[in-house]
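Report on one structure; see the data block that follows.
The values are calculated or read from the model by the stated rules, or taken from the named source; none is laboratory data. All figures in this text were calculated on a predicted structure; none of them were measured in a lab. Every residue, glycine among them, receives a Cβ derived from its backbone with ideal geometry; neighbour counts consider all protein chains shown.
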Amino acid sequence: MMRKKSIQGRLALLAATLFWGSSFVILKNTLDNAGILWILAVRFSIAAALLAAIAGGRLRKMDRQSLRGSVLIGLCLAAAYIVQTYGLRYTTPGKNAFLTSTYCVLVPFLAWGVYRRRPEPAHLVAALLCLTGIGFVSLGGESARLNPGDILTLFCGFFYALQILLMERYVPKSDALCVSVVEFTAAALVCWAGTLLFESAPAPLTPSVWGSILYLSLACTALCFFLQAWGIQYTPASTAAVILSLEAVFGVLTSILFYHERLTVKLVIGFALIFLSVLIAETKPGFFHRK
């Protein structure tokens, strides 16, 4: 029975990475039809409403500390998605996916500053590989200049890393589903405020565009949360980290297949270095530890 659950947990995590990996191309194609903040506001609102319906009365049991922490997590999530999506407008889905994954390398160093936990040797090696990979990716396209979209995407990695540190502090003491409801609600409110201040209402959208927005909201946000939370329960942390890191790989594959992204040798080397840095940062192989 446990072996069956273990297999199902791994498949759930793999499905989440597939959905997340596909979201980069779908979101890129949707940006031509509506404002960035409006799309994100609708996406978070639908996800929050769905999870709130599932949570029901459990939301009333949240204490003040959990509520405050969930709002802070939501603010970081909103900042990450906003910067990431603006970055996606100026770069390719594949580069956006891989540069986003750098948050895995940033987390130990932010934890050093916030919680005074020194990074391990594996984290230092991962950071060096990641920086080298970023150089290859950012300068590995048809242009030798640093792309503004790449810079924005790297800032997104910082906010994702900060979000993870906040989740580490608040989520273990709270109901994860309720935290997600408040988190998505806070992110939606930030995006709605930005929409009212900086964007005009979009023109009437076609059914295909609405289908993309619903896919991003239901599959890539609400469903992926469930798959990730459920899958991690039955999967060792090191294995889960490896599976979840495949999001960037699937992001590049879907970009090649559906966005016709062209890969250069420098881009391939950069992607490989960033992927290796994420694996090292998440799994911390045994040869980095003293016997």
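Residues in the stretch 211-268 that are in a loop (DSSP other than H, G, I, E, B), more than 14 Å from the chain's Cα centre (by Cα) and at negative phi: TYR234, THR235, PRO236, TYR259, GLU261, ARG262, LEU263, THR264.
Condition test on ILE73, is it under 27 Å from PHE24 (Cβ atoms), at pLDDT below 95, surrounded by fewer than 19 Cβ atoms within 10 Å (Cβ to Cβ) and among the hydrophobic types (A, V, I, L, M, F, W, C)? Against the criterion (under 27 Å from PHE24 (Cβ atoms), at pLDDT below 95, surrounded by fewer than 19 Cβ atoms within 10 Å (Cβ to Cβ) and among the hydrophobic types (A, V, I, L, M, F, W, C)), ILE73 does not qualify.
Of all residue pairs spaced 6 or more apart or on separate chains, those with beta-carbon atoms under 7 Å, a first member in the stretch 2-16 that is surrounded by 14 or more Cβ atoms within 10 Å (Cβ to Cβ) and a second member that is modelled with pLDDT under 80 and among the small types (Gly, Ala, Ser) are LEU13/ALA240.
Quick grid of which residues meet (1) modelled with pLDDT under 90; (2) closer than 30 Å to LYS28 by Cα:
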| residue | (1), (2) |
| --- | --- |
| TYR103 | yes, yes |
| VAL114 | yes, no |
| ALA122 | yes, no |
| SER143 | yes, yes |
| ASN147 | yes, yes |
| LEU152 | no, yes |
| GLN163 | yes, yes |
| TYR170 | yes, no |
| LYS173 | yes, no |
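Of the residues SER70, SER66, only one is more than 25 Å from TRP38 (Cα to Cα), in contact with a Ser or Thr (Cβ under 8 Å, 6 or more places away or on another chain) and hydroxyl-bearing (Ser, Thr, Tyr); which?
Working: SER70 fails: more than 25 Å from TRP38 (Cα to Cα).
That would be SER66, the only listed residue that is more than 25 Å from TRP38 (Cα to Cα), in contact with a Ser or Thr (Cβ under 8 Å, 6 or more places away or on another chain) and hydroxyl-bearing (Ser, Thr, Tyr).
So which residues in the stretch 260-277 are surrounded by 15 or more Cβ atoms within 10 Å (Cβ to Cβ) and either of a type in the set (D, E, K, R) or under 16 Å from SER23 (Cβ atoms) (or both)? Answer for the stretch 260-277, where residues must be surrounded by 15 or more Cβ atoms within 10 Å (Cβ to Cβ) and either of a type in the set (D, E, K, R) or under 16 Å from SER23 (Cβ atoms) (or both): GLU261, LYS266.
Return yes when PHE44 is touching a Pro at 6+ places or on another chain (Cβ under 6 Å) and of a type outside the set (Lys, Arg) and no when it is not. Don't jump to the end; show me each part of the working.
Details: touching a Pro at 6+ places or on another chain (Cβ under 6 Å): no; of a type outside the set (Lys, Arg): yes.
Judged against the criteria, PHE44 is not a match.
The residues in the stretch 198-211 that are among the small types (Gly, Ala, Ser) and either over 19 Å from SER23 (Cα atoms) or in contact with a Leu (Cβ under 8 Å, 6 or more places away or on another chain) (or both) can be counted, and the count is 3. Annotation note: Cβ proximity below 6 Å between a residue of the stretch 220-242 that is aromatic (Phe, Trp, Tyr) and a residue that is buried (at least 17 other Cβ atoms within 10 Å of the Cβ) (sequence gap 6+ or interchain) occurs for PHE225/SER180; TRP230/ALA12; TYR234/GLY9.
Kindly check whether there is at least one residue in the stretch 85-94 that is surrounded by fewer than 18 Cβ atoms within 10 Å (Cβ to Cβ), more than 22 Å from the chain's Cα centre (by Cα) and not hydrophobic (A, V, I, L, M, F, W, C).
Keep residues of the stretch 85-94 that are surrounded by fewer than 18 Cβ atoms within 10 Å (Cβ to Cβ), which gives 89-90.
Going one step further and asking which of them are more than 22 Å from the chain's Cα centre (by Cα), we end up with none.
Checking the stretch 85-94: not a single residue is surrounded by fewer than 18 Cβ atoms within 10 Å (Cβ to Cβ), more than 22 Å from the chain's Cα centre (by Cα) and not hydrophobic (A, V, I, L, M, F, W, C).
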